[in-house]
Each structure stands twice: as structure tokens, then as C-alpha cells.
């Protein structure tokens, strides 16, 4: 509860700083589903939904700040008589600060830092019996570079780059009455995998 209150206070402070700045909205959306069936009647299907809207303000030509909401829902159905249904949910939000370091014509290279809080849980149902999975709370910090392309004065496309990454995660996981606290730190750099062709995520922002 204390972590959530501090998070809301920081969010309110960020928006008070930029009341007279240019507002923008954007984000990412993804949906995927698969369905397989064998000759023996065994079926399996998967689905996933990811929604990440953002709202922010340009404090200047170089700096922007805002808030990102992250929603993730996924599920799996498999087997026959009995059928097993697994579901997982995740809801989180993060404050971000972005600095546009390089601008060349319509292209810009920026660095972004995110401070976020996320909650997740899962469950599995087999026949008429439901088992609750672990519930977790995660506090995280991530820093990474990105690339932006201006289609016009209002609309821009953007994606992250794998040149440099920095992150810290603190997770509290509860299974029944048991609680486990874990923390992790990662940092990486390299030029051999700047953009992965099989895993490109392109978002967009619209400036008012």
C-alpha cells in the first residue's frame, strides 16, 4: 500500500511540472492466438493480449516525461476430459523520462528511463478444480536507447535499440502463505544485435 501511494505522488508531481508543455499520446498493442488439434482429439490453444498506452508532455525540445500503463492477459487451454485452462494477468504502470540526444532530419536518437510498479497473478483450472498460482509485485527501473522517426509534425514512430541496456528488478512473490523476495540487476552493451528482426516492436506517439 505504501509503495502504491508513493508511486501516485511521484506521478502527480511529474504532471504538475509540465502543465504548460506539449502533450502527446501513443503506445503499443499486440494480440496473438494459436489453435492446434491432433488426430487423437487432443487440442491446445493459446492467446495473449498486450496493451501499453502512454501519455506524456514535452518539457522542451530535448526532454519529455510521462506515464505508461502496461496490461497483459494470456491463457492456455489443453487436453480433453478433463480440460486444463491456465490464465495469467498483469497490470502495471511506469513513469518515464526521455532525453533526445541526437536529431538528424526526421530521425532522432533518445535515451529513456522508466520507473515502474507491476502486479500479476495466475490460476489453473482442471475439471471443476481451480488452483491459484503465484501472485507477485514488481518494482523496476530500466534505461535504454531508442530511435524515433517523424512522419509529420504530429505523428512519430519509435522503437527501442539493443545497443545498451540497464535494469533493476525487485519482486515479491506470494504462494499461499509463503512469501519470497528477490532482486536482480542487469547491464549490457554491444553492436552485434542492434535490432532483432524477429522481435521488433514499433510504437507511435501523436502530439497535440
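Okay, here's what the table says:
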item: Any hit, the range 91-114, residues being closer than 21 Å to residue 47 by Cα, surrounded by 14 or more Cβ atoms within 10 Å (Cβ to Cβ) and modelled with pLDDT of 90 or more; result: yes
item: Any hit, the range 1-18, residues being surrounded by 17 or more Cβ atoms within 10 Å (Cβ to Cβ) and modelled with pLDDT of 75 or more; result: no
item: First in the range 162-183 and on the phi > 0 side of the Ramachandran plot, second anywhere and part of a strand (DSSP E or B) and surrounded by 10 or more Cβ atoms within 10 Å (Cβ to Cβ), Cβ under 9 Å, 6 or more apart; result: 176/132
item: Output for the range 72-87, where each listed residue is surrounded by fewer than 16 Cβ atoms within 10 Å (Cβ to Cβ) and either without any contact (Cβ under 8 Å) to a residue 24 or more places away in the chain or assigned to a strand (DSSP E or B) (or both); result: 73, 78, 81, 84
item: Residue tally, condition touching a strand residue (DSSP E or B) at 6+ places or on another chain (Cβ under 7 Å) and outside any strand (DSSP E or B), over the range 117-172; result: 6
item: Residue check for residue 135: surrounded by 13 or more Cβ atoms within 10 Å (Cβ to Cβ), modelled with pLDDT of 85 or more and more than 22 Å from residue 52 (Cβ to Cβ); result: no
item: Matching option when the condition is under 25 Å from residue 184 (Cβ atoms) and without any contact (Cβ under 8 Å) to a residue 60 or more places away in the chain, among 108, 90; result: 90
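The values are calculated or read from the model by the stated rules, or taken from the named source; none is laboratory data. Here the structure is a predicted model, which is why all the values come from computation and not from measurement. In this analysis, Cβ positions are derived from the backbone assuming ideal geometry, glycine residues included, and neighbour counts consider all displayed protein chains.
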